[in-house]
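Here is the structure we will look at.
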Amino acid sequence: MTKAVSRTDPAPAGTPALKLTGITKTFGSVTAVKNVSLEIPRNQVIGLIGENGAGKSTLLKILSGLHEPDAGVMEVHGAAVKFRRPQDAVAAGFGVVHQEQSLLTNLSVAENIAMNALSSKDNATRGGWYRWGQLNKEAEKILAKVGATVDPRAIIGDLSFVDRQMVEIARALRVDEMTHTAPIVILDEPTSVLERNETAILEREIAELKHVGSVIFVSHRLDEVRRICDRIIVMRSGEIVADRATEGVTEDELFQLMIGHAAKARKHEVQNRQGGEPLLEVSGLSAKGQFKDVSFAVPPGHCLAIVGTIGSGREELVRALFGAEPFDAGTITYQGSRLQSWSAARATRAGIGYVPAERKTEGMVGGFNGPENMAIARTGTRKLFVNPWRERKDGAQWFETMDVRPRDVKLHLSRFSGGNQQKVVMAKWLKSETLKLLILDHPLRGLDPGAAETVNEKIREARDSGTAIVLLADTLEEALDMGDTVLVMRDGEITAHFDLTVDTPTTLDLLEKMV
Amino acid sequence: MANPVTQQPPGSSLGTPSPAATRHRRFELRSLGEVGALVVLIVVFAALNPSTFLTIDNVRTILDQSATPLIVGVGATLVILMGSIDLSVEGLMGAGGMAFILATENSRGSTDLGAAAFVIGILVGALLGMLAGLIHTRLKVPTFIVTIGFWFIGLGIATVLFGTDSIPLLPDGGLKTWPNTVFLGLPFSFWLAGLIVALGWVITRYTKLGRFTYAIGNNEEVARSNGVSVSRIKVFVFAFAGACSGLAGILATLRLGAGSPTVGGGILFVTVAAVVIGGTSLSGGKGGVLRTMLGVMILTVLNNGLILSGVSSSIQSGVSGAILIVAIIVAAWPLRSRLRITK
Amino acid sequence: MSDRTATDQSARPENSVRSVDVAPAPAADRRRWRVIDLWATVGPLTVFVILFALVAILRPAFLGGGGLSIVATQCTAILLVALGQCLVLNVGSIDLSNAAIALFSAILLAKTIGPAGAGGLVLVIVLGAAIGALNGFLVSFFQVPSFALTLGTLGILQTASLIISDKTTVYAAKSALLTPMFGSAIGGLVTAFWTAVIIAIVLWAMLRFTTLGQSMTAVGLNETGALFSGIRTRATKIIAFMFSGLLASIAGVMIIAQAGSASSTGLGSDLLLPGITAAIVGGTAITGGITNPINVVFGALTVTLIPVGTAAIGIPSEAQSLVYGLVIIIAVALTISRKRVGVVK
Amino acid sequence: AGGGSGSQEAIDPNNLVLVASVINTTNPYMASMIEGAQALGKKLGVEVQIVDSAGSSQTEISKIQAILAQGKKVALMVNTVASSDAPTIVDAVKQAGGYVVVWWNKPDNLEPWDVGNNFVAFQKYSGVESGECTGKALAESLGGKGNVIGLAGVEDSTTSQTRVAGFKEALKAYPDIKLLDVQSANWDPQQGLSVTQSLLTKYPDQVDGIWAADDAMIIGATNAAKNAGQYNDIKFVSDGLYPPVVDMMKEPNSPVVGETFHRGFMASSIGLYTAYLAATGKIDPSTLPQEKRDSLFKLQCVGPNDFEQYTKWDNDVDGWVSQLVDGGDPWNVQPTPLVGQGPEQLPAG
Ligand SMILES: Nc1ncnc2c1ncn2[C@@H]1O[C@H](COP(=O)(O)OP(=O)(O)OP(=O)(O)O)[C@@H](O)[C@H]1O
Ligand SMILES: Nc1ncnc2c1ncn2[C@@H]1O[C@H](COP(=O)(O)OP(=O)(O)OP(=O)(O)O)[C@@H](O)[C@H]1O
Ligand SMILES: [Mg+2]
Ligand SMILES: [Mg+2]
């Protein structure tokens, strides 16, 4: 509160921190945000939810000066504003964490934190001169606030993904140092890449912020939203379809509002397929500084879920399985034969599919349209020729099955919203009859519950039709929900192995093995 | 792509940082590989030509010969740091050099504006560079092509200025002797180059312009979403590079004592090779002017050494080429990783 | 699954979905995109036609005097080099050495075609492909930037050419194998040119209808993405470079067919920049992933036409390089693919 | 030889265009060639077009073809970028029914009389003679004793090669003259500067004389010597007697001790005029003696005492050209009459 008092602010009490009227934004054939009006009072945390492609990110990009709206009026603390450049938004007191990380990996933490503030009145880089000492000091202060233990001199490229996310957040919170108005902090799916313990820190920080300004918080994890937010706004098809106080809305209601139908109760049936000749057998697998002495077996039609905090080495492990990263000891046996000189290409031809967590950079070719993206993953026999017309037909089919929106097979994949991109990435593997093993690294990251349901549906179908699954789940619940077996990893080693047909661990059991 | 995406080295996409990333932060002169290469060359040539290579005179010769590529190299480095490329240097040197000599006292007696002539030469370069930058940013034409275009435009301007009269010559003494006049043991030409390198270093290390240059090279869209006015920076940098070329043109003209549109002949190969050998990445965002200085030194020493060792001039391009290849392979070896992308 | 879609639609009326997602685009906007698409395909042709018409109007005799056939003859070598370049650019790399390969091949062929005849031809082409493949191998396995690596190869090949030519002009024995190339013409344009055009069409089909071609484009658009889709990215790049070397050596053959001799400063000693420029004027994106070999044909024709045109019109020789520079920039500004907005480097 | 083959009806001058094709427009030698062509055009009252090859055979050939395509009949003088261009160009001109005189480079086995009347003649100054005369001058000025270095032109340039050969031949007569090094400076003043700079440090205080295949390079060399403060301790010789070199020679006891005199404007106007005569039917190439179709012209050895007398030509190009035209005989004009028949032979050994 103390901070709040110290602020001099022109607007009479009661004027909303932010007031939008009739905001509209169209991209080519898509109206991403349609005539949105809303008021956000001071000192409130707003939850913004909606299915993939609902227009959340676009709306937030308008608020942060990345897009100019086609129509509509923005008022900040009672004064009408127009943002032409991100700096304008910063100057007006907006701090943003974008859905995709927007850090410059070759610059230092401190520089990145200072970055989009450079144009505003700010000492460390006044007159275009860098005063490094001061720059680093300021960064230190801010990082401390978020409880991040990152060296401000460190180069972003050297940091772990979580640390980077923390820097992003720290940078967003920076506005309340800089501007003299109450800040409005925008967080677009900041938690989708965080594990529990990191999320906790963020929640505390948001609570802090509430005292000085307002927060807009986007997430697909409804429990989280209800925990953190005072008020929840639901978007659908670019419009606001609901605006509720958190008290007295249940997750199911929210789900209903977002997707337009009730969530199907998912009964969790675990089959025991432990019999059967294992499809994949890993023994004593080790890679220096990443994971060591990992052993397990996956029979066909079986789902193995691996949980662990970031840095537990599970990502590296599955990448090694796919031949994308090297391992220096141990053996992988696939379909009874031991793998030599393994590579992603060989793996693919042998019927292994991999859905990376880094969707935009690794999972897809943004410059290709949906069908082309599906076509380039060629499991099984090697073809010599492609038939574009055929590709497009099959593609359209899968757009239907996966409910990809928009159903535009010509549109570059980069133009779709994250959730819909993910559906295409899944389809590219699921389409193949010869798929034997599917490795999923955070397959639901950034997906709305509806889309998540579709994807999980598909994963189950694949599993039931005999495809083995290795799953790195987003949440422990998900792991327990999907897995037949759950492995827990910590610091590159397996710390627990639960066969869900016999034992029924709680998320807490898993958690304690993780940290 | 619609939304800014952080292109992280895929190796480090999650969790542990990739070795690549950690290596890249090694700053400027701490690039021992290049220093080593230079030392080796010096030792080898000193051994081959004990009586001539390490003499004061030859050292001065090497420094004097390195001056022009150094000056051009500073501009080129900034451009390449943005992930762009500048192929116009030879043309701009020609234009700047001709403009200079025609504006100063010369055998054609065109005019004599004294010191203003220097300003004119540099301005011509800067102006052409700025135009290139504007065309690139406004019309979205790749720098590769824009600068090829300005190579010919610069050459064209120089040729038109040159006309069909006799060669413009500088009078003996005075200006002409300046580059080789020794000051504190080193030729002025090198002091000038050193000054420009220092300027370049300060810019890249301590100014918004410089830091934003790195930002743009790392990821233009992210830079933009971070509030970097990409187009403005680009135009500035190209203008600066143009000015460097102009100045280099002047220096080359002074050393030659005569005006010639092709005064920059062959400089492009040297500078680009030098920037790369120095370890500045052509994809942008990594490297720096001090590295380029190393690269220039390696190539100049190599060239001078080969001549002293009596190597036929016809195989010198071959040797430089081989060295270039070895240099980049050695530099890339420790960074090897299946997931590392190089264009 | 089917029932899921069912509930979906029952819950959310058809139009509400469509209205966001696949809403019929505003007519104007649709037209805009169609225009951009159209231009991407006919731009290079149009630009060439306009420039050619310009020259013909200012100097009508140019048409009568077979201006087009001159341009076609002179652009053959450039076109072949440019086709190789556009493949390499398409995988996101660049090959600065292919022009040098062309000249090297020419000199080698001049020396060998007398004694070895067709054997010499084969040798030269195989060697060219091999050098290209070596470039590709070094680029993809040592992970060095192609720009720098091929700059090095360029230097080495220049020296190699000087040495095997013994620093003089090498004259090729007359060979029945080559004379038809420039000796005969179809529709007024030399056979050599048509040969190159056919190669262009084949390459176009390769990119569009083979998995190899699709993989190349994927690599050019996003190499990591391609890798994780199981594409053999390294092999793909090597093949692209190999093509570049192969086409370059064919260009070398054409040089001998045209001039009957070669020297390291003679015909073909300056194909590099014209080659790259032709590829880009032909709509190839220097950032990779976008190219159309058939349009590169018009790119090459344009690049050749400019100096010829300036001479034909009679622009003073001092001003010609100035004009060349300007026109090249304008041509590219007109033909560059505006399809994928975003970063231009 | 298939002499009379070419079509031999006279072309009306109004339907004729004189074309001079040069390697570039910036090299003083080339600039002078352009000057001569224009002077001739003025004198004859015929349109002149200049082709700038910009150092590229590709550009050279296509531009020439473009001009042939303009419709008018062409009388062409071409200083080929590389000798290998000659056959292609000659063919093109023959096809178009024009007339061509090639200067400086052609394959030895490509002879005008084999081609026919359209290939009127090949003309050049003897490179060997040039090298011998400047080599001798250098050796003499050093009293037959000392160390010298040489700067060659483009590596695969026959002109450069013949001049170097002549230079070495001349030195044979002076056993005490040591040729330390010959490096290529590509006809380029800039490279002339840096190569000399390096050689002077390679042989500290040992170089007594510098020979260059062309004045463009000696301009660089002299400046390198000045920068190294050795200008007055070294003797210089070179080919071309460019105006800047004349100025150097004007200096009291100038270190520039030997030159050859031949002029671009003389070469180009002689060449063009020859082609013009054939085109307008004033001469019938097939009836000319072979030495008039593959010709070596006289170049003058120039020393410190007599160079002044050659400068007069530069101040009066038009005068010289009208003297050429009035004389009506391109093979007999002072100071460069016809002296021999090509192809030029390299000295044995
Ligand atoms: N730059 C763009 N060009 C074209 N269409 C776009 C662009 N950005 C977003 N869209 C479209 O606008 C709609 C809204 O996208 P947006 O990213 O705002 O959705 P979202 O609510 O953030 O989805 P998610 O939950 O997956 O992040 C989508 O249909 C998307 O395809
Ligand atoms: N690139 C050039 N720049 C300036 N002058 C040149 C150039 N090339 C030749 N010259 C001048 O033209 C004359 C002869 O031309 P040149 O020596 O280039 O033909 P060439 O190289 O012998 O042909 P080839 O390569 O077939 O042997 C010489 O006097 C030389 O000074
Ligand atoms: Mg979003
Ligand atoms: Mg999204």
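The values are calculated or read from the model by the stated rules, or taken from the named source; none is laboratory data. All values reported here derive from a predicted model rather than from experimental measurement. Cβ: placed from backbone, ideal geometry, glycine included. Neighbour counts: every protein chain shown.
What are the residues in the stretch C:268-281 that are buried (at least 24 other Cβ atoms within 10 Å of the Cβ) and either farther than 17 Å from residue C:41 by Cβ or away from chain B (no Cβ under 12 Å) (or both), if any?
Start the filter on the stretch C:268-281 by keeping residues that are buried (at least 24 other Cβ atoms within 10 Å of the Cβ), which leaves C:268-269, C:271, C:274-281.
Passing the criteria: C:268, C:269, C:271, C:274, C:275, C:276, C:277, C:278.
Restricted to the stretch C:219-264, and to residues that are within 13 Å of chain A (Cβ to nearest Cβ) and either touching a strand residue (DSSP E or B) at 6+ places or on another chain (Cβ under 7 Å) or acidic (Asp, Glu) (or both), which residue is nearest to residue A:352 (Cα to Cα)?
Applying the filter and picking the extreme gives C:228.
Against the condition surrounded by fewer than 24 Cβ atoms within 10 Å (Cβ to Cβ), more than 9 Å from every other protein chain (Cβ to nearest Cβ) and at pLDDT below 95, how does residue B:108 come out, does it pass?
So residue B:108 passes the test.
Where residues in the stretch D:66-80 are assigned to a loop (DSSP other than H, G, I, E, B) and over 25 Å from the mean Cα position of the chain (by Cα), which of them is surrounded by the most Cβ atoms within 10 Å (Cβ to Cβ)? Outline the logic, then answer.
First pass over the stretch D:66-80, keeping only residues assigned to a loop (DSSP other than H, G, I, E, B): D:69-72, D:80.
Imposing the further condition that a residue be over 25 Å from the mean Cα position of the chain (by Cα) reduces the set to D:69-72.
Details: D:69: 24, D:70: 22, D:71: 17, D:72: 19.
Across the stretch D:66-80, the extreme among qualifying residues is D:69.
For the stretch C:65-114, give me each residue that is at positive phi and among the charged types (D, E, K, R). Reasoning before the result, please.
In the first step, residues of the stretch C:65-114 are kept if they are at positive phi; the result is C:66, C:92.
Listed by number, the list is empty, since nothing qualifies.
Listed residues A:61, A:82; which is basic (Lys, Arg), closer than 21 Å to residue B:226 by Cβ and within 16 Å of ligand 1 (Cβ to nearest atom)?
Among A:61, A:82, only A:61 is basic (Lys, Arg), closer than 21 Å to residue B:226 by Cβ and within 16 Å of ligand 1 (Cβ to nearest atom).
In the stretch C:105-164, what count of residues is obtained for those that are under 30 Å from residue B:87 (Cα atoms) and either within 10 Å of chain B (Cβ to nearest Cβ) or buried (at least 21 other Cβ atoms within 10 Å of the Cβ) (or both)?
35
Conditions first: (1) farther than 17 Å from residue B:84 by Cβ; (2) part of a helix (DSSP H, G or I). Residue B:271 passes all but one, so which condition is the exception?
For residue B:271, the exception is condition (1).
Only residues that are surrounded by fewer than 16 Cβ atoms within 10 Å (Cβ to Cβ) and either modelled with pLDDT under 85 or within 16 Å of ligand 3 (Cβ to nearest atom) (or both): list them for the stretch A:225-260, please.
Result: A:248, A:251, A:252.
Determine whether the stretch C:93-102 contains at least one residue that is of a type in the set (D, E, K, R) and under 18 Å from the mean Cα position of the chain (by Cα). It would help to see each step written out before you state the result.
Residues of the stretch C:93-102 that are of a type in the set (D, E, K, R), as a first pass: C:95.
Then keep just the ones that are under 18 Å from the mean Cα position of the chain (by Cα); that gives C:95.
Yes, some residue in the stretch C:93-102 is of a type in the set (D, E, K, R) and under 18 Å from the mean Cα position of the chain (by Cα).
Would you pick out the residues in the stretch A:350-372 that are more than 8 Å from chain C (Cβ to nearest Cβ) and assigned to a helix (DSSP H, G or I)?
If the condition is that a residue be more than 8 Å from chain C (Cβ to nearest Cβ) and assigned to a helix (DSSP H, G or I), then A:359, A:360, A:370, A:371 are the ones that fit.
Looking only at the stretch D:147-182, count how many residues are of a type outside the set (Val, Ile, Thr), buried (at least 23 other Cβ atoms within 10 Å of the Cβ) and facing another protein chain (nearest Cβ under 8 Å).
Residues that pass the stated criteria total 2.
Just for the stretch D:229-242: of the residues that are under 22 Å from residue D:131 (Cβ atoms) and not aliphatic (A, V, I, L, M), which one is nearest to the other protein chains (Cβ to nearest Cβ)? Steps first, please.
Step one: of the stretch D:229-242, the residues under 22 Å from residue D:131 (Cβ atoms) are D:234-242.
Subsequent filtering for residues that are not aliphatic (A, V, I, L, M) retains D:235-236, D:238-240, D:242.
Working: D:235: 18, D:236: 14, D:238: 14, D:239: 16, D:240: 12, D:242: 7 Å.
Selected residue: D:242.
Considering only residues that are more than 13 Å from ligand 4 (Cβ to nearest atom) and either facing chain C (nearest Cβ under 7 Å) or touching a residue at least 12 places away in the same chain (Cβ under 8 Å) (or both), which ones fall in the stretch A:400-423? Working first, answer last.
Just the residues of the stretch A:400-423 that are more than 13 Å from ligand 4 (Cβ to nearest atom), to begin with: A:400-404, A:406-412.
Listed by number, the residues that qualify are A:401, A:402, A:403, A:404, A:406, A:407, A:408, A:409, A:410, A:411, A:412.
Could you please let me know if residue D:299 is surrounded by 14 or more Cβ atoms within 10 Å (Cβ to Cβ) and under 26 Å from residue D:157 (Cα atoms)? Give the derivation first.
Numbers: surrounded by 14 or more Cβ atoms within 10 Å (Cβ to Cβ): yes; under 26 Å from residue D:157 (Cα atoms): yes.
The answer is yes for residue D:299.
Kindly list, by first and then second residue, each pair from a residue in the stretch A:469-480 that is in contact (Cβ under 8 Å) with a residue 12 or more places away in the chain to a residue that is crowded, with 23+ Cβ neighbours inside 10 Å and among the acidic types (Asp, Glu), limited to pairs with Cβ atoms under 7 Å and residues at least 6 apart or on different chains.
The qualifying pairs are A:472/A:315; A:472/A:441.
Identify, by number, the condition in (1) surrounded by fewer than 24 Cβ atoms within 10 Å (Cβ to Cβ); (2) in contact with a helix residue (DSSP H, G or I) (Cβ under 9 Å, 6 or more places away or on another chain); (3) more than 9 Å from chain C (Cβ to nearest Cβ); (4) modelled with pLDDT of 90 or more that residue A:347 doesn't meet.
Among (1) surrounded by fewer than 24 Cβ atoms within 10 Å (Cβ to Cβ); (2) in contact with a helix residue (DSSP H, G or I) (Cβ under 9 Å, 6 or more places away or on another chain); (3) more than 9 Å from chain C (Cβ to nearest Cβ); (4) modelled with pLDDT of 90 or more, the lone unmet condition for residue A:347 is (3).
From the set of residues in the stretch A:29-73 that are under 24 Å from residue A:183 (Cα atoms) and basic (Lys, Arg), which is farthest from the other protein chains (Cβ to nearest Cβ)?
Here the answer is A:42.
Looking at this structure, is residue A:318 in contact with a Pro (Cβ under 8 Å, 6 or more places away or on another chain) and within 14 Å of another protein chain (Cβ to nearest Cβ)? Can you show your working first?
Values: in contact with a Pro (Cβ under 8 Å, 6 or more places away or on another chain): no; within 14 Å of another protein chain (Cβ to nearest Cβ): yes.
Taking the combined requirement at face value, the residue does not satisfy it.
With respect to residue A:104, determine if the residue is more than 9 Å from ligand 1 (Cβ to nearest atom) and either farther than 30 Å from residue A:131 by Cβ or within 12 Å of another protein chain (Cβ to nearest Cβ) (or both). Break it down stepwise before answering.
Working: more than 9 Å from ligand 1 (Cβ to nearest atom): yes; either farther than 30 Å from residue A:131 by Cβ or within 12 Å of another protein chain (Cβ to nearest Cβ) (or both): yes.
Yes, satisfied.
Going residue by residue through the stretch A:178-188, is there one that turns out to be under 15 Å from the mean Cα position of the chain (by Cα), within 16 Å of ligand 1 (Cβ to nearest atom) and not in a helix (DSSP H, G or I)?
From the stretch A:178-188, those under 15 Å from the mean Cα position of the chain (by Cα) are A:187-188; that's our starting set.
Checking the rest, the ones that are also within 16 Å of ligand 1 (Cβ to nearest atom) come to A:187-188.
So of that shortlist, the ones also not in a helix (DSSP H, G or I) come out as A:187-188.
Yes.
When you go through (1) within 14 Å of chain B (Cβ to nearest Cβ); (2) over 30 Å from residue B:187 (Cα atoms) one by one for residue D:270, which number turns out not to apply?
Condition not satisfied by residue D:270: (1).
For residue A:57, which of the numbered conditions (1) among the polar types (S, T, N, Q); (2) touching a helix residue (DSSP H, G or I) at 6+ places or on another chain (Cβ under 7 Å); (3) closer than 24 Å to residue A:251 by Cα fails to hold?
(2)
Against the conditions (1) surrounded by 22 or more Cβ atoms within 10 Å (Cβ to Cβ); (2) more than 14 Å from chain D (Cβ to nearest Cβ); (3) more than 30 Å from residue B:232 (Cβ to Cβ), where does residue B:75 fall short? Just the number, please.
Unmet condition: (3).
Just name the residue that is surrounded by the fewest Cβ atoms within 10 Å (Cβ to Cβ) out of those in the stretch A:190-220 that are within 16 Å of ligand 4 (Cβ to nearest atom) and either more than 20 Å from residue A:96 (Cβ to Cβ) or modelled with pLDDT of 85 or more (or both).
A:219
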